[in-house]
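Structure record follows, encoded as structure tokens.
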Amino acid sequence: MPATHPADVDAALWMPGVPPEFEHPRDRAEFRRPAHRPGIELYRAHIVRYAFEPHSHDGFGLGAIESGVERFRYGGSEHLAPPDSIVLMNPDALHTGRAETADGWRYRMLYIAQEAIETISGEAGWWFEDAVRRDARIARRVTARLEALWRSTDPLAFDGLLVSLLADVRHHARVAHPAGAADAGRFATVIDYLHAALADRPTLDDLAAVAGLSPFHFLRCFKAHYNVTPQQMLMALRLREAKRLLASGLPPAQVAASTGMADQAHLTRSFACRYGVTPARYQRQVRQ
């Protein structure tokens with residue numbers, strides 16, 4: 001691989017060993033970030049036995065299935081993503097993931113902040129109604145673009161590939177939120193409260209008071225809207241913040257304390273369950 005420049009994509013190689021958290025020796029996952037372009041994260045993985053617990057990402061998740069079939073829960077429904085299908089996830093949407101086929105599934109993703117996608121595309125209000133689209137021609141093109149992005153060490157070439165990738169999936173997107181998306185505003189103050197209370201232990205009564213509802217009425221409404229419980233949402237937000245702090249260079253032990261984890265071992269288990277790599281390995285990958 002050519003030598004990198006500080007403005008180039010961070011260098012990262014396939015993991016030489018298998019993370020001890022993986023149940024199967026063929027399971028592997030890896031992240032990478034471009035040094036010159038904030039709000040962008042690349043990911044590639046081959047998962048056979050691993051089952052990802054509910055988690056979310058700060059921005060959109062755009063990718064394609066190279067082989068095998070993935071089953072995941074998203075938006076309150078079960079989805080199957082077969083080979084040569086496109087996966088399109090909206091920001092903050094909790095989802096799971098596991099293999100539906102014996103040999104697992106191989107896939108690549110681009111995680112991109114909403115601000116970045118709007119800056120690059122020149123359009124505001126991107127939104128995807130369907131988490132999976134079966135479009136073999138575009139899926140193969142997306143896979144090729146993601147591979148090229150992973151290998152690119154030239155910032156100008158990288159940015160050109162980003163523009164092309166977004167153009168590939170643009171016709172699957174809406175440029176305004178679908179009807180009902182504005183309902184999220186009802187719980188916006190609760191989500192803000194959870195963000196501010198990651199290191200605390202908020203109770204159901206606390207959250208209901210923020211929403212101005214009785215506790216169990218709030219719990220029913222929250223789960224109906226997000227398809228997860230407040231505790232699941234809190235854990236997803238904690239792990240997202242842990243990801244950000246690890247990328248900034250904070251030691252895992254401090255990250256655990258800052259995000260409300262019982263200890264570093266709890267952080268390691270929870271992080272690996274959602275992202276497929278340990279916190280230390282993720283930190284090395286994105287900071288090389």
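Over every pair of different alpha-carbon atoms in region 181-287, take the mean of 1/r and invert it; report that Kirkwood radius in Å. One decimal place: 14.6 Å for the Kirkwood radius. Karplus-derived 3J(HN,Hα) values for region 266-279, using 6.51 cos²θ - 1.76 cosθ + 1.60 with θ = phi - 60°, are 5, 4, 4, 4, 5, 5, 5, 5, 9, 10, x, 9, 6, x Hz; glycine and proline are entered as x.
Counting neighbouring beta carbons within 10 Å and listing from fewest to most, the residues V277, V87, V69, V48 come out as V69, V48, V277, V87. For R108, nonlocal amide neighbours, meaning residues 5 or more places apart or on other chains whose placed amide H falls under 5 Å from its own, are A64, E66.
In the chain, helices alone account for a calculated mean residue ellipticity at 222 nm of -12000 deg cm²/dmol, with every DSSP H run of four or more residues adding -39,500 (n - 2.57). Relative to the current alpha-carbon distance between E118 and T203, full extension at 0.36 nm per residue lengthens the span by 27.0 nm. To the nearest ten degrees, helix 136-151 and the longest principal axis of the Cα atoms of the chain are 80 degrees apart.
Of the residues H171, F187, Y50, the one whose Cα sits farthest toward the positive end of the charge dipole of the chain, with +1 on the Cβ of Lys and Arg and -1 on the Cβ of Asp and Glu, is Y50.
Here region 28-172 was treated as a single set of alpha-carbon atoms; its pair distances binned every 10 Å from 0 give 12, 46, 35, 7, 0 percent. For the chain, the spread of Cα positions along the three principal axes, ordered from largest to smallest, is 57, 42, 40 Å.
Laboratory data are not the source of any read-out in this text; all were calculated from the coordinates shown. The shown structure was predicted, so the numbers you read here are calculated from the model rather than taken from an experiment. Here the Cβ is made from the backbone with ideal geometry for all residues, glycine too, and neighbour counts use every protein chain on show.
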